[in-house]
Each structure stands twice: as C-alpha cells, then as structure tokens.
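Student: Provided herewith is a single structure, encoded as structure tokens, for subsequent inquiry.
The values are calculated or read from the model by the stated rules, or taken from the named source; none is laboratory data. None of the values given here were measured: they were computed from a predicted structure. Quick reminder, even Gly has a Cβ in these numbers, built from the backbone with ideal geometry, and neighbours come from all protein chains shown. Surface accessibility is based on the protein's heavy atoms, side chains included, excluding ligands, DNA and RNA. Shrake-Rupley method; radii C 1.70, N 1.55, O 1.52, S 1.80 Å.
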Amino acid sequence: MAGGVVVNTGGGKDYPGKLTMFVLLACIVAATGGLIFGYDIGISGGVTSMNPFLMKFFPSVYRKEQEAERNQSNQYCKFDSQLLTMFTSSLYLAALVASFFAATVTRVAGRKWSMFGGGVTFLIGAALNGAAKDVIMLILGRVLLGIGVGFANQSVPVYLSEMAPARLRGMLNIGFQLMITIGILCANLINYGTAKIKGGWGWRVSLALAAVPAAIIAVGALFLPDTPNSLIERGHTDSAKRMLKRVRGTEDVEEEYNDLVAASEESKLVAHPWRNILQPRYRPQLVMAIVIPMFQQLTGINVIMFYAPVLFKTLGFADDASLMSAVITGLVNVFATFVSIVTVDRLGRRKLFLQGGAQMLACQIVVGSLIGAKFGFSGVAEIPKAYAAIVVLFICAYVAGFAWSWGPLGWLVPSEIFPLEIRSAGQSINVSVNMLCTFIIAQAFLPMLCRFKFILFFFFGAWVVVMTIFVALFLPETKNVPIEEMVLVWKSHWYWGRFIRDEDVHVGADLEMRGANGNGKLGGGAQ
C-alpha cells in the first residue's frame, strides 16, 4: 500500500492497563466540550432561515428572499449577503485568534482549565446573543462564542488522546466529534421547535440555549483530573505517577511512566515550541497540522451543516420542511459517527479516510448533477417532492461518509501525532487552520453559491479527490501506537523518514534501540 506503515497488533509498546471507569467518565465529560462547537454550527444556519430574525437584523436579505419567491427569480442568490455570512463566520475568526492564547493556557495551567475558560466565555456569548438588540451586539456575542470554541477545540482533543490507552485512543477521542454531532442535532431540533413560536422571538430561545452546553463543559471541567502528561510537563511527577496508575487501573506503569518522563525531559530542552516546530524533524507533524484541518473544511461539510436549512429552502422546501431536512441530516451525522467509534481502532485511520473520501465524492457528483439538471444556471425551477427527496438522500449519504471519516479523524489524527515538546503549539496550529478555513468557507459560500451555482458541489468534489490521494500517499497508520512513540511511525515512513535522524528519536532507551535497529513492532517503509 503506497505510503502505508505496517503497525503490528499493539503497535510500539503494549503498555499494561485497561479502560477504567475513571478514564471513561473523564473522557465523556471532556468530550462534552464538542457540544458548544456543534450547537453553534447547527443553530446559526437555522436562525438565519427564520424570517423574524432576518427582518430584525438583516432586512435586506429578507426583502431579497421575499422578492425571489414572488418573482420566481434566481434561487441561488437570494441569501447572498456579506453581513449575514459575517454573523455566521465571525465566530471562527475569533476562535482562530483565541486558539493561540489557548495553547499557552493549556501548557501552563493544564488542559482542564483551558476547557473551563472556554465554557465560561461561551456562556457569556450565549447570553449576549439571546438578548441582542442590534447587529453589533449580535456579532460581539458571536466573537465571545468563538473564543470559547477556540479554547475547547484546543484542549479537548489533546486531553482525550493523553488520557486514553493507546489501543482505544481512537474510540475515546472520537467522543469529541460525537458530541459535535449531538450538538448539531440538538440545535436543529431546537430550531425546528422555536421556528413555530408565535410572536417571532423563537430565534432568541435558539441562541440563548447555547448556555446549556456551555454550562455542561464549564462545570464538568472543574471535576476533571489532569492528564499524567500535563502533570509531568508542569513538574508534578509524583502526582503524575499516581494519576497514571489510576487511569490505567494497574500498579505496573513504570515503563509508560518512564517514556512520559523521557518525553517531558525532551520537551524541556525546547524553549521556543513555535520556533522549534519549524525544524525538519517536526516537518511531518507540521504539514499534517496544516493540511488535515484545511482538507476537513474543503470537503464542503460546513456548507451543508451551516446552511442546511438555507440550502434546502433554496431547493424549494418550505420553512418547516427545510428545518426538518436539517434535522434528518443531523440524525445521520450522529449515527454515522458511531460507525467510526466502533471501527477506528480496528480498521485504522487510513481505511476510514479513503472509504469516506470515495463516498463523499460520489455523493457530491450526484447532488451537483441533480441540482444542475433542474436549476441549470438560471436558478429558476420547480422541484417535485420525489426529486427533492432523492437530493436529500444523497446529501445524507454524503454526511454519513464525512461523519465516519474526515469529521472525527480530522480532530483525532492531529491530536495524537505531536510529541509533548510541541504538542500545545501543534494543536493550536491545527485549531487555527481549521477555524481560518471554516471562516473563509462560511464567508464565501453564499457568494460562491450565487456565482458557481451547482458547480459548487463539483468544486468541493475536486478537493475530495486531492485529499484522498494525499492520505493514500502521505498519511501513515497511527492506530494502537502509544502517543509518546509516534515518532517511530514517521521515522519508518517512505517519505517522512528522510526528515528524521536517528538521534532525533528519544522514546526511552530500550525503545530507541529497537527503533534504530528495526526490531520493534513498527514496520517501515511503503508496503
């Protein structure tokens, strides 16, 4: 397999230990940090399709929409407004900036306090949005929500990867993506209900209820234990050893503890992680931290999730039907994520990436063709219900493909590949690139829909081809590999190995020897 790395069962060292109830509960609580991100993704598209919300804050969009419906004019362009997309995308710009500050907080104070700060900030933003009197207040609330998302997305995936046993890291880390999908689904259901509230104030309920997931992660973070990695990094070695015994459910943690200490000692030699991450030996991790989140957004998924109600309205669905269609895609998203949870540590990351990419590409071609056949370039058409149902079916298949591949793995893989000395900086780059690309696509989607028409689906389909080829060639398999031994995966890769010298591998003395002479469990090269 081109670009593959063979990892035998157990990959690297098979540390003693089991999945304890303590670790499971800690990971579930931490993963709820994904609720705030998911809730926001789902809620923003719903409220921007509610007429009372548009009338109050974006009257020009409301007039354009009414005119389009009266005159049967171009359906592609009726929601095109830079101010409307700024409402949605301002959050992601704020999250981008916040992620750099979150990197320092995560490293100096620990992962849990970064989560707590994110929850509290999101809570304040939700209150501002629910009480908004004008666009300025609305966008200020969105900025605070974005800061909360930046902190949560920085700390939660790293926390989950550090707490989980290596053989179950994928399953537990994907809890974050599962919570994102649950947040999206809850938001869609709430929008469906609040849109029916007489008096036109339902949008306030939708926006204010973001306080619920914010309170869950803020309160939950207070009860979370620190990870052994974080405790060692901050000099609490005795506490780290006690915590490692507790999270692994065994007294036999000496080997894993020594590897964590070795990694910590290595990290202390790095005074400037932001400068050091540019060194050749970190080249594979740096590339992945930039490319994976960028590709995750270029799948086009947030086009569907942000604007699902708007998109379905554009397809000719009535208000209720468009929101209901968004609920359906939200349900598909949640259930398909469970597929990834069950399979990621068995099949591995690469197989899910490649299968999901093929499925998304096929669905984008079909959806683009179906919309193009009816709307053409004029954007004027009546779509029969059965025809629209087929479009929804393929959109759901596309969402399913994303939900068990690029959705969860886009967060999992970057969070598990960084050595401790650059982990906070690397995760910060991962989050900031994700937020930057999300911001650009959220800001550009409605103008692109207006200008590209149905070709937009083929545009994102072309990117899916590029990213699937990239994974096939350059992403090694990382399942079952202890997080502090990941350097050996890159060292044995057919391309990335050229950037890593033998003397750059420091993962405990015995492991270093095995990695250098090739007798470890990690096989090398393109297979």
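Student: Under 15 Å from the Cβ of residue 126, count the other residues' Cβ atoms, weight Lys and Arg +1, Asp and Glu -1, and hand me the total.
Tutor: Numbers: positive: 142, 204; negative: 40.
Taking every Cβ under 15 Å from that of residue 126, the sum is +1.
Student: Something else now. Based on alpha-carbon centroids, what's the gap between region 80-141 and region 240-298 in Å, whole number please?
Tutor: With region 80-141 and region 240-298 each reduced to a Cα centre, they are spaced 27 Å.
Student: Between residue 219 and residue 362, what is 0.36 nm times their sequence separation minus the Cα-Cα distance? Round to one decimal in nm.
Tutor: Values: separation 143, 0.36 × 143 = 51.48 nm, distance 4.27 nm.
Answer, rounded to one decimal: 47.2 nm.
Student: Okay, moving on. Can you give the direction-averaged projected area of the convex hull of the alpha-carbon atoms in region 437-502, in nm²? Provide the component values of the computation, followed by the final result.
Tutor: Working: hull surface 26.6 nm².
In nm², the orientation-averaged hull projection of region 437-502 is 6.6.
Student: Same structure again: Output needed for region 392-436: three equivalent-ellipsoid semi-axes, defined as square roots of 5 times the C-alpha gyration tensor eigenvalues, in descending order, whole Å.
Tutor: Working: eigenvalues 165, 25, 3 Å².
Working from the Cα gyration tensor, I get semi-axes of 29, 11, 4 Å.
Student: If you don't mind, there's one more thing I want to ask. Output ³J(HN,Hα) for region 231-243: one whole-Hz value per residue in order, computed from phi by the Karplus curve 6.51 cos²θ - 1.76 cosθ + 1.60 with θ = phi - 60°, and x for Gly and Pro.
Tutor: The phi angles translate into 4, 5, 4, 9, x, 9, 5, 5, 4, 5, 5, 4, 5 Hz.
Student: Starting from the alpha-carbon convex hull of region 170-228, give the projected area averaged over all orientations, in nm². Show your work: numbers first, answer last.
Tutor: Numbers: hull surface 19.9 nm².
Convex hull of Cα atoms, orientation-averaged projection: 5.0 nm².
Student: Once R0 is set to 45 Å, what does the formula 1/(1 + (r/R0)^6) return for the Cβ-Cβ distance between residue 369 and residue 236, expressed as a FRET efficiency to the nearest 0.05?
Tutor: Working: r = 58 Å, r/R0 = 1.30.
That pair, residue 369 with residue 236, gives E of 0.15.
Student: Would you please calculate the Kirkwood hydrodynamic radius of region 320-469 over all C-alpha pairs and express it in Å, rounded to one decimal?
Tutor: Working: mean 1/r = 0.0586 Å⁻¹.
Here the Kirkwood hydrodynamic radius works out to 17.1 Å.
Student: Label residue 137 and residue 320 with points 7 Å out from Cα along Cα→Cβ: what is the distance between them in nm?
Tutor: Using points 7 Å along Cα→Cβ, the separation is 3.2 nm.
Student: Please state the Cα pair-distance histogram of region 182-308 with 5 angstrom bins from zero: what percent is in each bin?
Tutor: Histogram of Cα-Cα distances, whole percents per bin: 2, 8, 10, 10, 10, 12, 14, 12, 9, 6, 4, 2, 0.
Student: Here's something else I'd like to know. I want to verify the translational diffusion coefficient of region 394-483 in µm²/s; compute it with Stokes-Einstein, Rh as the Kirkwood radius over Cα pairs, at 10 °C and 1.306 mPa s.
Tutor: In µm²/s, the coefficient is 103.
Student: In region 372-440, which chymotrypsin sites (Phe, Trp or Tyr not before Pro) are in a loop and have at most 16 other Cβ atoms within 10 Å, using DSSP for the loop call? Please list the in-between numbers first.
Tutor: Numbers: sites: 375, 377, 387, 394, 398, 402, 404, 406, 411, 439; in loops: 377, 404.
Counting only loop positions with at most 16 other Cβ atoms within 10 Å, the chymotrypsin sites (Phe, Trp or Tyr not before Pro) in region 372-440 are 377.
Student: Near residue 284, within a Cβ-to-Cβ distance under 12 Å, what is the net charge of the other residues, with Lys and Arg +1 and Asp and Glu -1? Don't skip to the answer; put the middle values down first.
Tutor: Values: positive: 281, 283, 491, 498; negative: 504.
Net local charge, residue 284 excluded: +3.
Student: Here is a further query. Quick one: divide the alpha-carbon radius of gyration of region 328-401 by 2.2 N^0.38 Å and tell me what you get. Write down the numbers at each step before the final one.
Tutor: Numbers: Rg = 15.1 Å, N = 74, 2.2 N^0.38 = 11.3 Å.
This ratio for region 328-401 stands at 1.33.
Student: What figure in square angstrom, to the nearest 10, would you give for the accessible area of residue 320 with a 1.4 Å probe?
Tutor: 70 Å²
Student: Treat each spin label as a single point 7 Å out from the Cα along the C-beta direction, and report the residue 387 to residue 268 distance in nm.
Tutor: 7.0 nm
Student: Still on this structure: For region 256-298, treating each Cα as an identical point scatterer without solvent, what Debye log10 I(q)/I(0) comes out at q = 0.18, 0.21, 0.26, 0.32 1/Å?
Tutor: Once normalised to I(0) and log-transformed, intensities are -0.68, -0.79, -0.89, -1.00.
Student: On a 32 Å Cα-Cα criterion, which of the cross-link pairs 268/351; 56/112; 112/268; 268/491; 241/351 come out too long?
Tutor: Values: 268/351 36 Å; 56/112 39 Å; 112/268 21 Å; 268/491 22 Å; 241/351 36 Å.
Table pairs above 32 Å Cα-Cα are 268/351; 56/112; 241/351.
Student: Along the Cα-to-C-beta direction of residue 440, a point sits 7 Å from the Cα; which residues of region 138-163 have their amide N less than 20 Å from that point?
Tutor: What the label zone holds, given the 20 Å backbone N cut-off, is 150.
Student: How big, in percent, is the set of alpha carbon pairs in region 115-232 lying more than 24 Å apart? Don't jump to the answer; show the numbers that get you there.
Tutor: Details: 2371 of 6903 pairs.
Cα-Cα pairs in region 115-232 separated by more than 24 Å: 34 percent.
Student: Apply the Karplus curve 6.51 cos²θ - 1.76 cosθ + 1.60, θ = phi - 60°, to the phi angles in region 44-49 and return the couplings in whole Hz, x for Gly and Pro.
Tutor: Taking θ as phi minus 60°, the curve returns 5, x, x, 5, 6, 9 Hz for region 44-49.
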